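The values are calculated or read from the model by the stated rules, or taken from the named source; none is laboratory data. As the structure is a computational prediction, the values presented were derived from the model and not from experiment. Every residue, glycine among them, receives a Cβ derived from its backbone with ideal geometry; neighbour counts consider all protein chains shown. The protein model used for the area step is the full one, side chains on, heavy atoms only, and it has no ligands, DNA or RNA in it. Shrake-Rupley method; radii C 1.70, N 1.55, O 1.52, S 1.80 Å.
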Amino acid sequence: MTSSDRIHRRIDGCLLDIDGTILQDDVPIDGAIDTLSSLQQAGIPFRFLTNTTRRPRDEIISRLSAVGFDAQAADCLTAPAVTAAWLRERGARKLMLLVDPATQGEFSEFDLDSRSPDFVVVADLGDKWTFDLLDRAFRALMAGGELVAMQMNRYWKHEGQLRLDAGPFVAALEYATDRKAHLVGKPSPALFRTVARELGIVADRVAMVGDDLDADIRGARSAGLVAVAVRTGKYRPEAEEVTLQTADAVLDSIAELPRWLGIVP
């Protein structure tokens, strides 16, 4: 284990990314299950905080439980669930959803309208993206809809390959309409602060552990959390120097977290 270790302070809670941090292609990363057990035994509260938009929360929890994690629905915050709550708070009625069918159920309380929506909501659609879909979203935005990004990840890793995520498509719509999206998921500082408040812990005593330099590490630091990067998932060796300069700590994997926290020898 190595770490930039720019700071050393008490950590009272943890936020854990899922893909690339505790799982890779639905397989637990070595030591991840033991790490969660160590957090539970030490009485350190945690939440799974994921930008995944293709799976609803219940499926994510089932997926974690199936491979050996002791996970409850209350422990998991997903970008679709957070986005639905954000829209509800703002009185949204009509939406254009650019969202995977698997997570559209999170938005069942809203009316669907692709011509004159209040909000155009964008998530990762993978190979379902087409010119026609982007063009229809563009027209809905030009007609007065507001752009909402569930997340702005540039890419993710699947089956050993990096793949485009939602961020590039959000950026295309921002450029075409000359408007900024409302970012709801990571790296929104408001999201990190909200979860810290939910845990009842001041931000600078909460560690965000993840593999994404932008969404997890820079996002957490901008919100005043402790940012802990792991050298798994999206981590790229050529970004080592930037990662060391940006994160508060850099660990080889989630397996090193209990020792870094000082809860195991």
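Roughly how tilted is helix 189-199, in degrees to the nearest 10 and between 0 and 90, from the longest Cα axis of the chain?
Orientation of helix 189-199: about 60 degrees from the principal axis.
Near the amide H of Phe46, under 5 Å away, which other amide H atoms are found, from residues 5 or more places off or on another chain, if H is placed in the peptide plane?
Amide H neighbours of Phe46, under 5 Å, 5+ apart: Cys14.
What does the extension gain come out to for Gln72 and Ala190, with contour length at 0.36 nm per residue minus their alpha carbon separation?
Working it through step by step, the gained length comes to 40.1 nm.
What does the accessible area per residue of the chain come to in Å², with a 1.4 Å probe and no ligands, DNA or RNA counted?
Per residue, the chain has an accessible area of 45 Å².
Starting from the Cα of Ser62, step 7 Å along the direction of its Cβ; do the same at Lys180; then give the gap between the two resulting points in nm.
Going from the Ser62 label point to the Lys180 one covers 3.9 nm.
All other residues with a Cβ under 14 Å from the Cβ of Leu97 taken together, and with Lys, Arg as +1 and Asp, Glu as -1, what is their net charge?
That works out to -2.
Mind pulling the angle between the C-alpha long axis of helix 57-66 and the longest principal axis of the chain? Nearest 10 degrees, somewhere in 0 to 90.
40
Would you mind checking which residues have amide H under 5 Å from His158's amide H? H placed 1.01 Å from N; only 5 or more apart, or other chain.
Amide H neighbours of His158: Arg163.
Rounded, prolate or oblate for the stretch 55-169? Axes are the square roots of the Cα gyration tensor eigenvalues, ordered a ≥ b ≥ c, and the cut-off for rounded is a/c under 1.5.
Oblate is the answer for the stretch 55-169, as a/c is 1.5 or above yet b/c matches or exceeds a/b.
Specify the inter-centroid distance of the stretch 57-127 and the stretch 191-259, based on alpha-carbon positions, in whole Å.
24
On a straight-distance basis, which aspartates and glutamates could pair with Lys128 in a cross-link, Cα separation under 14 angstrom, same-chain partners fewer than 8 positions away excluded?
Excluding near neighbours in sequence, the set is Asp100, Asp165.
Per-residue HN-Hα couplings for the stretch 35-50, Karplus 6.51 cos²θ - 1.76 cosθ + 1.60 at θ = phi - 60°, whole Hz, x for Gly and Pro?
4, 5, 4, 5, 4, 5, 5, 7, x, 8, x, 9, 9, 7, 10, 10
Report, in deg cm²/dmol and to the nearest 500, the calculated mean residue ellipticity at 222 nm for the chain, where each DSSP H run with n ≥ 4 adds -39500 (n - 2.57) and the sum is divided by the residue count.
It lands at -9000 deg cm²/dmol.
Sorted by accessible area (1.4 Å probe), largest first, how do Lys128, Lys234, Lys186 line up? Mind showing how you got there, number by number?
Values: Lys128 100, Lys234 25, Lys186 5 Å².
Output order, biggest surface exposure first: Lys128, Lys234, Lys186.
Setting aside same-chain residues fewer than 8 positions from Lys234, which lysines have a Cα under 18 Å from its Cα?
Those lysines meeting the cut-off are Lys157, Lys186.
Considering only protein heavy atoms and a 1.4 Å probe, what is the carbon-and-sulfur percentage of the accessible area of the chain?
49
Write down the radius of gyration of the chain and its Dmax, each obtained from C-alpha positions, in Å.
Using the Cα atoms of the chain, the pair Rg, Dmax is 18.4, 60 Å.
Using Cα pairs under 8 angstrom and six or more residues apart, how large is the relative contact order of the chain, in percent?
Once normalised by length, the contact order is 23 percent.
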